[in-house]
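Novice: Mind looking over this structure? Questions follow.
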Amino acid sequence: MKRPIPPILSLWLLLIVALAIFIGISMSEDIKIGSHTLSKGYFPETLFAREEEEEPDTVPENPVDTITVVEVQPDTTVHSLLIFGDSMTHNLSMSVAKYGSKNNYKVTGVTWESSSIPGWLHSGKIKEYIKMSNPDFIIISLGSNEMELKYFDRRVPDIKKIVEELDSIPFVWVGPPLWKEDRGVYSMLEAGLPNGRLFRTENIEIPRGPDHVHPTRKGADIWADTLMRWIANSYHPILTTPPDSTSTLKGHKIIYLHPDD
């Protein structure tokens, strides 16, 4: 006597037969039954299809060719330059004046001995000398007398107020030529100034005078040469053709103020 087929096996056989019929129909051409047509499905294509490789994005052969370089031309309308600051400014202003002689702008240099950032801010001297010289460009040389501060952040609002007093006149701020370790003066200047306005002096080898602090005339020339090359590539370049042996201080105004002035 034959054993009956278990129900679960019968179910599997039924599913296998149904799947075979489905695959056979899918792989055959369209079947017509009377007025009706059974279209072939997409099962075979799906079952046997290979994953198509994605084409890489098109990349230019030379990406550099797609970059537009805009060269900023020097501002040739600068006819008056004001440079002011503490005692470090004196020889520097005379070196900058020689650039003025070569590039056809008049330089007014104002050195206020022992002066500080708040001293210039609250004295009214900035507005006074701006009115006197009517500058198209300003160089500020302050920070040497802030070297011994304990709380550098307290000077940051004063720096920002000095920038406001300059109104829209293009300017750069020359950081002090360090003679000892910087404890925070450059961080203070960076915090108070807009981007691109700070010229850092701390790594320039500058010959010093007998006090080992203030630059000599030769040291100031080296300082000025480095500064003017930097200005030529700054956010607001001006003419900075180096002076020659015929460049003099004639026609420029160099002012020296004592601490009590």
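The values are calculated or read from the model by the stated rules, or taken from the named source; none is laboratory data. From a predicted model like this one, the values you see are computed outputs, not experimental measurements. Every residue, glycine among them, receives a Cβ derived from its backbone with ideal geometry; neighbour counts consider all protein chains shown. Note: accessible area is taken over every heavy atom of the protein model, side chains too, but ligands, DNA and RNA are not part of it. Shrake-Rupley method; radii C 1.70, N 1.55, O 1.52, S 1.80 Å.
Novice: Here are some residues: E148, E190, E181. Which one is surrounded by fewer than 17 Cβ atoms within 10 Å (Cβ to Cβ) and either of a type in the set (A, V, I, L, M) or within 19 Å of S114 (Cβ to Cβ) (or both)? Please lay out each step first, then the result.
Specialist: Values: E190 fails: either of a type in the set (A, V, I, L, M) or within 19 Å of S114 (Cβ to Cβ) (or both); E181 fails: either of a type in the set (A, V, I, L, M) or within 19 Å of S114 (Cβ to Cβ) (or both).
E148 is the lone residue from the list that is surrounded by fewer than 17 Cβ atoms within 10 Å (Cβ to Cβ) and either of a type in the set (A, V, I, L, M) or within 19 Å of S114 (Cβ to Cβ) (or both).
Novice: Continuing with the same structure: Looking at I162, I204, I169, which is the one that is without any contact (Cβ under 8 Å) to a residue 60 or more places away in the chain, open to solvent by 20 Å² or more (accessible area, probe 1.4 Å), touching a helix residue (DSSP H, G or I) at 6+ places or on another chain (Cβ under 7 Å) and of a type outside the set (D, E, K, R)?
Specialist: Residue meeting the stated conditions: I204.
Novice: Also: Does L149 satisfy being modelled with pLDDT of 95 or more, assigned to a loop (DSSP other than H, G, I, E, B) and in contact with a helix residue (DSSP H, G or I) (Cβ under 8 Å, 6 or more places away or on another chain)?
Specialist: Values: modelled with pLDDT of 95 or more: yes; assigned to a loop (DSSP other than H, G, I, E, B): yes; in contact with a helix residue (DSSP H, G or I) (Cβ under 8 Å, 6 or more places away or on another chain): yes.
Yes; evaluated as a whole, the condition is true for this residue.
Novice: Can you tell me which residue is surrounded by the fewest Cβ atoms within 10 Å (Cβ to Cβ) among those in segment 238-261 that are among the hydroxyl-bearing types (S, T, Y) and at pLDDT below 95? I'd like the intermediate steps shown before the answer.
Specialist: At the first step, the residues of segment 238-261 found to be among the hydroxyl-bearing types (S, T, Y) are 240-241, 245-248, 256.
Keeping just the survivors that are at pLDDT below 95 gives 245-248.
Numbers: S245: 5, T246: 8, S247: 17, T248: 11.
Applying the filter and picking the extreme gives S245.
Novice: Scan (1) open to solvent by 60 Å² or more (accessible area, probe 1.4 Å); (2) touching a residue at least 12 places away in the same chain (Cβ under 8 Å); (3) of a type in the set (K, R) for the single condition K218 breaks and write down its number.
Specialist: (2)
Novice: Still on this structure: Exactly one condition in (1) buried (at least 18 other Cβ atoms within 10 Å of the Cβ); (2) not in a helix (DSSP H, G or I) is false for Y235; which is it?
Specialist: (1)
Novice: Further question: Counting just the residues of segment 121-145 that are farther than 19 Å from K253 by Cα and touching a residue at least 40 places away in the same chain (Cβ under 8 Å), which one comes out most open to solvent (accessible area, probe 1.4 Å)? Outline the logic, then answer.
Specialist: Residues of segment 121-145 farther than 19 Å from K253 by Cα: 121-124, 142-145.
Imposing the further condition that a residue be touching a residue at least 40 places away in the same chain (Cβ under 8 Å) reduces the set to 121, 142-145.
Numbers: L121: 17, L142: 1, G143: 0, S144: 12, N145: 75 Å².
Restricting to residues being farther than 19 Å from K253 by Cα and touching a residue at least 40 places away in the same chain (Cβ under 8 Å), the top hit is N145.
Novice: While we're on this one: Tell me which residues, restricted to segment 177-192, are free of Cβ contacts under 8 Å to residues at least 40 places away in the same chain, in a helix (DSSP H, G or I) and of a type in the set (A, V, I, L, M, F, W, C).
Specialist: A191
Novice: A follow-up question, please. Is there any pair linking a residue in segment 100-112 that is over 17 Å from I238 (Cα atoms) to one that is part of a strand (DSSP E or B), with Cβ under 6 Å and at least six apart or on different chains, and which?
Specialist: G109/I83; G109/I254; V110/F84; V110/I255; T111/Y256; W112/L257
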